[in-house]
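The values are calculated or read from the model by the stated rules, or taken from the named source; none is laboratory data. Just so we're clear, the structure is a prediction, and the values are computed from it rather than from any experiment. Note that each Cβ is placed from the backbone with ideal geometry, even for glycine, and that neighbours are counted across all protein chains shown.
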Amino acid sequence: MQTCEEAGIIGAATGVVGSVQAEEAIKVVLGVGNPLSGRIFQHDGLLGETRITTFPRDPECPVCSSKARITDLARYEEQVSPRGHVLV
Ligand SMILES: [Zn+2]
């Protein structure tokens, strides 16, 4: 499967996903509604479909598990490589 960087992306799709992300942030900040925590929102503009998939929490997650190694987001760039690999 090609990445968005390789295959390109329809600009409007970024607007759809960006709007959903903004809505999620507002819900979390205001403490209202049912945030997408533990779920992934997927949008396929070519098919005109959206889908929400649930997934279990990773007990080894370096950010949000009880074993978190990344606890200071101000130092995120020092702790995570540009490709998302945890360095600490
Ligand atoms: Zn996590």
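The set of residues from the range 17-53 being over 27 Å from Cys64 (Cα atoms) and surrounded by 10 or more Cβ atoms within 10 Å (Cβ to Cβ) comprises Asp44, Gly45. As a summary of the residue check, Gln79 satisfies the conditions (1) on the phi > 0 side of the Ramachandran plot; (2) in contact with a strand residue (DSSP E or B) (Cβ under 9 Å, 6 or more places away or on another chain) except for the one numbered (1). Right, Pro56: of a type outside the set (Lys, Arg), exposed (fewer than 12 other Cβ atoms within 10 Å of the Cβ) and within 16 Å of the chain's Cα centre (by Cα) or not? Yes: the conditions hold for Pro56.
Annotation: Gly31 fulfils all but one of (1) out of contact with any Gly (no Cβ under 6 Å at 6 or more places or on another chain); (2) at pLDDT below 95; the unmet one is (2).
In the range 30-41, is there at least one residue being free of Cβ contacts under 8 Å to residues at least 40 places away in the same chain and in a helix (DSSP H, G or I)? Yes, because at least one residue in the range 30-41 is free of Cβ contacts under 8 Å to residues at least 40 places away in the same chain and in a helix (DSSP H, G or I). When residues in the range 25-59 are screened for being of a type in the set (Lys, Arg), within 26 Å of Ile9 (Cα to Cα) and within 14 Å of the ligand (Cβ to nearest atom), 1 of them pass.
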